[in-house]
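Have a look at the structure below before the remarks.
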Amino acid sequence: MELSNNERRMLKSMLSKPEKIWHLDELLTACAWDDQAHVAGAGGSLANSGFITETEQRSKLWRLASEGSAAAENGLLEQRIWDWLSVQEKDSGMKDLQDSGVVGKKEAGAGVGLIKDLGIQLIAGKFVIPNVTEAITATLEIRERFISELSNSGGIGVPENDLDANLVDYFNRRKGIIVSSEDVVRTWQLTEKGRSVSDSELVEKLVIAEITPELLQGEEWRNADFKPYDVARDAPVLTAGKSHPMQALIERIRSIFLEMGFTEIEGDYVTTAGWNMDALFIPQDHPAREMQDTFYLDNPESVPLPSEYIRQWSEVHEHGGDTGSTGWGGEFSAEISQMGMLRTHTTVNTIRHLADNPSEPCRVFGIGRVFRKESIDRTHLPEFHQIEGIIMEPNASLPMLVTTLKEFYKKMGYPEVRVRPAYFPYTEPSMEVEVKWRGQWLELGGAGIFRPEVTEPLGLKWPVCAWGMGLERLAMLVLGLDDIRQLYISDLEWLSNQPML
Ligand code: PHE
């Protein structure tokens, strides 16, 4: 077993006097240490490996208590009364003592008891001193010496063995004069094994805890000890600043679509019923347009739209225009179309992009906030985000759409994706996209090919694959949440424990 530097130093010091029994202060001096923890530590392990023996001796120490300290200063109570008595006229009594000021009011009773024990009588209120007083003065002297011996021990105390047992016993029975404490004295001594350790093993070595370039340039490290790493030690938890998990997730989604060749688009929160719904062939009497789902605005209450769009939409809605569709029938309202509102889905961004760029094939995506009159619960928020995208090109098709979405989810870490038939007023065919998570299929969004009723009024020539997916739903999967609200309550502890996405 390798010795530590402290162990080497302690052994070496003790080998200077191989037979000696060492005390703490002697070892501290010999080893040039000022902390007794070194002796305890090195001594303990040297004893464990048999180089030294460690002996522990417990002893009782006595020192002065509060009354004892007062006696050391002013004399014992019986001594003070005796001194007073020695200079009194005959026939002095209890009252004279009380008036003298030599004893305190509370001390008088105890004091009289003490001097009676010494052989002084109190007869009819008068003190009667015996003829021979040497015994009294001798007793008092012994007691005073005892008190001053403890007083001189400087508060540490005097070992019981060094004191007169009778006096200890006597003063221990008087209240508040002396108290005892236990003292442990350790000593160390070399064993046979310790005495035979060779000097070469006792050379202290440089211990390297950190490897630096400077160190490696020198030669010292060649003979040094390397402090072993303790990989099981607790390390501090680092809580560095980082992106909010939602922001981090958005960045990740963004980079996936960019890497798949898509371009990012944006749009305003405020839009019109015309763009949010009419352009998407959502009938004007559709339940989702009712006040309880959509936030219609007081300002702007109405936004003028180009009459050309209004005309196109009204034709398609009323009788299908030139699309071959029969439309929804009824009468299309331009007023409804121009109502100001907060967008309810980001499909309004892609449809406007198509309206503005009808003859340019494109692959675009956007991640944006949408607003719906939902009551907040475990799975619903009135404001949330959608991941929206379209592909418009000559060969755009349903398989291309499915492959694209599968590819996206695969890159997100969800390789199992399926689609199921669904219905949206603006796509045909329409589908729901589901992802397998912990053995369950979860619906994450809608997709489909835009209907002619949507594409033809805008003058588009090619098929358009379109999709819109919930960002928060996906975040719940990624972060393993069962409550959507957790994403936005700014729980700092939760936030700092989130993984980097
Ligand atoms: N807009 C739909 C929604 O909000 C999703 C969707 C987008 C469906 C595009 C089909 C095509 O749920």
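The values are calculated or read from the model by the stated rules, or taken from the named source; none is laboratory data. Just so you know, these numbers come straight off a predicted model, no measurement behind them. When we count neighbours, we look across all protein chains shown, and the Cβ atoms used for this are built from the backbone with ideal geometry, even at glycine. With ligands, DNA and RNA removed, areas are computed over all heavy atoms of the protein, side chains included. Shrake-Rupley method; radii C 1.70, N 1.55, O 1.52, S 1.80 Å.
With charges set only on the Cβ (+1 for Lys and Arg, -1 for Asp and Glu), what does the dipole of segment 383-501 come to about its Cα centre, in debye to the nearest 20?
Rounded to the nearest 20 debye, it is 420 debye.
Give me, ordered by chain and number, the residues 5 or more places off HIS385 or on other chains with an amide H under 5 Å from its own placed amide H.
VAL370, LEU471, GLU472
How far, in nm, would the chain grow between SER302 and GLU144 when pulled straight, counting 0.36 nm per residue and subtracting the alpha carbon separation?
In short, 46.1 nm is gained.
Which value, in Å² rounded to 10, gives the accessible area of ARG174 with a 1.4 Å probe and all protein chains present?
40 Å²
Run the quick spin-label model on ILE208 and SER490: label points 7 Å from Cα toward the beta carbon, then report their separation in nm to one decimal.
Label at ILE208, label at SER490, 5.0 nm between them.
Which lysines have a Cα lying under 30 Å from the Cα of LYS175, excluding residues fewer than 8 positions away in the same chain?
Answer for LYS175, where 30 Å is the Cα cut-off: LYS60, LYS95, LYS105, LYS106, LYS116, LYS126, listed by chain and number.
Cα gyration tensor of segment 66-176, axes a ≥ b ≥ c as square roots of the eigenvalues: rounded (a/c below 1.5), prolate (a/b > b/c) or oblate?
Prolate, because a/c is 1.5 or more and a/b exceeds b/c.
Mind checking which of VAL348, LEU122, GLY267 is farthest towards the positive end of the chain's charge dipole, using Cβ charges of +1 (Lys, Arg) and -1 (Asp, Glu) about the Cα centre?
Value: LEU122.
In debye, nearest 20: dipole of segment 66-176 around its Cα centre with unit charges on the Cβ of K, R (+) and D, E (-)?
Computed charge dipole of segment 66-176: roughly 480 debye.
Given +1 on the Cβ of Lys and Arg, -1 on the Cβ of Asp and Glu, and no further charges, what dipole in debye does segment 270-342 carry about its Cα centre, rounded to the nearest 20?
140 debye
What figure in square angstrom, to the nearest 10, would you give for the accessible area of LYS242 with a 1.4 Å probe?
80 Å²
Sort 421-427, 101-107 for me by packing, meaning the mean count of neighbouring Cβ atoms within 10 Å per residue, highest on top.
421-427, 101-107
Considering only C-alpha atoms, what is the centroid distance from segment 193-246 to segment 326-396, in Å?
About 62 Å separates the Cα centre of segment 193-246 from the one of segment 326-396.
Percent relative contact order of segment 270-342, based on C-alpha pairs within less than 8 angstrom and at least six residues apart?
49 percent
Among MET431, LEU458, GLY41, whose Cα lies farthest out toward the positive end of the dipole of the chain, if unit charges sit on the beta carbon of Lys, Arg (+1) and Asp, Glu (-1)?
Of MET431, LEU458, GLY41, it is GLY41.
With a cut-off of 8 Å between alpha carbons and a minimum separation of six or more residues, what is the relative contact order of segment 66-176 in percent?
For segment 66-176, the relative contact order is 31 percent.
Using Cα positions and a limit of under 30 Å, work out the lysines in reach of LYS411, with same-chain residues fewer than 8 apart set aside.
Within the straight-line cut-off, LYS411 pairs with LYS242, LYS436.
Could you tell me the center-to-center distance, by alpha carbons, between segment 101-120 and segment 444-501 in angstrom?
With segment 101-120 and segment 444-501 each reduced to a Cα centre, they are spaced 96 Å.
Among GLY320, MET277, PHE257, whose Cα projects farthest towards the positive end of the dipole of segment 230-322, with charges put on the beta-carbon of Lys, Arg (+1) and Asp, Glu (-1)?
The residue sitting most towards the positive pole is PHE257.
MET94 to LEU238: extension gain in nm, 0.36 nm per residue of separation minus the Cα-Cα distance?
Difference between extended and current length: 43.9 nm.
Quick one: 3J(HN,Hα) in Hz for segment 77-83, Karplus 6.51/-1.76/1.60 with θ = phi - 60°, rounded, Gly and Pro as x.
Rounded to whole hertz, the list is 4, 5, 5, 5, 5, 4, 4.
Tell me the per residue accessible area of the chain using a 1.4 Å probe; a whole number in Å² is fine.
Using a 1.4 Å probe on heavy atoms only, each residue of the chain averages 56 Å².
Check the straight Cα-Cα distances from LYS12 and name the lysines below 25 Å, setting aside those fewer than 8 residues away within the same chain.
Leaving aside lysines fewer than 8 places away in the same chain, those within reach of LYS12 are LYS20, LYS193, LYS205, LYS227.
For the peptides 344-350, 89-95, what is the packing order when you average, over each peptide's residues, the other Cβ atoms within 10 Å and list the highest mean first?
The peptides rank, most packed first, as 344-350, 89-95.
Are there any GluC sites (Glu not before Pro) in segment 253-291 that are in a DSSP loop and have at most 14 other Cβ atoms within 10 Å? List them by number.
Here the GluC sites (Glu not before Pro) that fit, given the DSSP loop and packing criteria, are GLU266, GLU290.
May I ask you to give the percent of accessible area on the chain that is carbon plus sulfur, with a probe radius of 1.4 Å?
C and S atoms contribute 49 percent here.
With a 1.4 Å probe and every protein chain left in place, tell me how much accessible area HIS385 has, in Å² to the nearest 10.
20 Å²
Where a ≥ b ≥ c are the square roots of the eigenvalues of the C-alpha gyration tensor, would you call the chain rounded, which needs a/c under 1.5, or, failing that, prolate if a/b is larger than b/c, or oblate?
prolate
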